Amino acid sequence: MTAERDRAGGATDGDGAAEASRGPMSAAALLELADPAPAVVVQEPEYRRLLGWPREHEVTGRSLELAAWARSWYAGHGRPWWFARQAGGLSLAGGRVEIEGTAFDAPRLGEMLAQAGATSAMLVAVGAGGACEEHARRLWEEGKPDEYFFLEVYGSAVVEALVAAAAFRLCEWADGRALAVLPHYSPGYPDWDIGDQGRLLDLVGLERRGDLPEGVRALPTGMLRPKKSLLAVFGLTPHVERVQRLTTLVPCANCALAGCRYRRAPYRRPLRQLESVHPSPDDGATAGAGGNGAGAGARVPLTAGARYSVAPAVLRRWADERLRMRCLADGSVEATFRYDGTTCSNLGQPLAFEYRIRLASREEGYRIVDLSCAPVPGDLGHKFMCEYLADGEALMRAIATERPLLGHPLDAVVGWRRGTSAAGCYCAASSREHKWGLALEVLHCALAREDAPVAG
Ligand code: SF4
């Protein structure tokens, strides 16, 4: 059941001025809606899309059973919820989006809001609940990767259904007030850094709602915990005619809600899958490699509990202290790792190198798409390495051009047979290879930690 509260307040426009007496938005009280226990309706076509099944594909056998099992498990144990609150101030001055005084560098969102003449925004949070994720983790630990995978995907489908449920309530509310709701936008979408999740979460103000079954936490990388949660901004505009003219401003094309009486555009099924799935033997095809011992359905890009060449506690410490990582809007990952060592001769001069690693998205198996290594700006220690003194140009060329495992999934670092020289310098190829191994293991460890199901 949806709880609704009205709060007094106004909106600001592009020049940041208070709009207490202008336009229909200013006269309205601010809306606050929450549903601590919505009835979730995951539509079969959406579920199939997220499972990666083509629309016409006939699913039989174990895959069908697992899909039904995940749905029924969630119906019995899931704790979904959603929350929406109208922001008290929206400013689009200087091409930045400022909501209640918090500025976001999100040019595409700003452009859409400006184009539609948005005067307010709804801040929305939805969650499929931690129970689903926690159970999926247990299944994984029990060696049931297929069950894990179907439950994970069902959780994603629940999040989409919750966004649609919240959108419906907003559209219904807006319709009665001659307002139009714009398509939702979230950190991590094009031109909006996913690292802004934490600041958006602060703005949403979930903590004030003690009636919601659970909250959300944003990690420094922008990932949300529980993972099956979403934060979003929906613009609101009194210029309904602009929205009618410009189909890009109509949210319905991205909204799968069936039978919505307010629908203004047909739903366009997105091409992108949130998860990857290989056909199971039951479906008459060969199971995918899976990479990590995952069974018929799952494709998990990182080995859980991998055996590294260095103690995991050390890798975790290095990940915290020496690794910088960020997820880009397309799901790819950029990371830098700093290595500090010393030369073996010349009185052990300190030196520092920076490793840059770019990975394709999780869905693409965290494939390594770019690597580079160079002394950190201002480092002089590397000039004291024996090989540098012998032929500095050749050494620096070797360091710059050696890019091990390029094109392979990051997971290939687990079990990679490489040079073992632990010397602090870069003179020998085996020592350079060893350091690449460290940089990649630290990144693997950090991503596996974030990727892992939450501990109970
Ligand atoms: S179909 Fe359109 S009008 Fe209906 S809830 Fe979705 S976005 Fe709103």
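The values are calculated or read from the model by the stated rules, or taken from the named source; none is laboratory data. This structure is a prediction, so every number in the text was calculated from the model and none was measured. Methodologically, a virtual Cβ is constructed for each residue, glycine included, from the backbone with ideal geometry; neighbour enumeration extends over all protein chains shown.
Some values worked out for this structure:
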item: Every residue from the stretch 21-41 that is at pLDDT 50 or above and touching a Leu at 6+ places or on another chain (Cβ under 9 Å); result: Ala28, Leu31, Leu33, Ala34, Asp35, Pro36, Pro38, Val40, Val41
item: Residue match in the stretch 196-209 (condition: among the aliphatic types (A, V, I, L, M), within 13 Å of the chain's Cα centre (by Cα) and under 28 Å from Ser332 (Cβ atoms)); result: no
item: Boolean, Leu64 is touching a helix residue (DSSP H, G or I) at 6+ places or on another chain (Cβ under 7 Å) and either modelled with pLDDT under 95 or surrounded by 14 or more Cβ atoms within 10 Å (Cβ to Cβ) (or both); result: no
item: Residue in the stretch 285-302 that is modelled with pLDDT of 75 or more and more than 16 Å from the ligand (Cβ to nearest atom) present; result: yes
item: Condition broken by Trp173, with the remaining ones in (1) surrounded by fewer than 21 Cβ atoms within 10 Å (Cβ to Cβ); (2) more than 16 Å from the ligand (Cβ to nearest atom); (3) more than 17 Å from Asn254 (Cβ to Cβ) satisfied; result: (2)
item: Qualifying residue in the stretch 386-409 (condition: on the phi < 0 side of the Ramachandran plot, of a type in the set (Lys, Arg) and part of a helix (DSSP H, G or I)); result: yes
item: Residues located in the stretch 134-161, provided they are under 30 Å from Ala87 (Cα atoms) and out of contact with any Leu (no Cβ under 8 Å at 6 or more places or on another chain); result: Gly155, Val158, Ala161
item: Flag for Tyr154 being surrounded by 21 or more Cβ atoms within 10 Å (Cβ to Cβ), more than 18 Å from Val204 (Cα to Cα) and either among the aromatic types (Phe, Trp, Tyr) or not assigned by TED's automatic domain parsing to the domain that holds Met223 (or both); result: yes
item: Residues satisfying the stated conditions in the stretch 326-345, i.e. modelled with pLDDT under 85 and either among the hydrophobic types (A, V, I, L, M, F, W, C) or surrounded by 15 or more Cβ atoms within 10 Å (Cβ to Cβ) (or both); result: Arg326, Cys327, Leu328, Ala329, Gly331, Ser332, Gly341, Thr342, Thr343, Cys344
item: Matching residues in the stretch 48-88 - criterion: being free of Cβ contacts under 8 Å to residues at least 60 places away in the same chain and among the hydroxyl-bearing types (Ser, Thr, Tyr); result: Ser72
item: Scan of the stretch 157-170 for residues that are in contact with a Ser or Thr (Cβ under 7 Å, 6 or more places away or on another chain) and either away from the ligand (no atom under 16 Å from the Cβ) or not assigned by TED's automatic domain parsing to the domain that holds Ala39 (or both), ordered by number; result: none
item: Any chance Ala103 is crowded, with 16+ Cβ neighbours inside 10 Å and farther than 22 Å from Ala161 by Cα; result: no
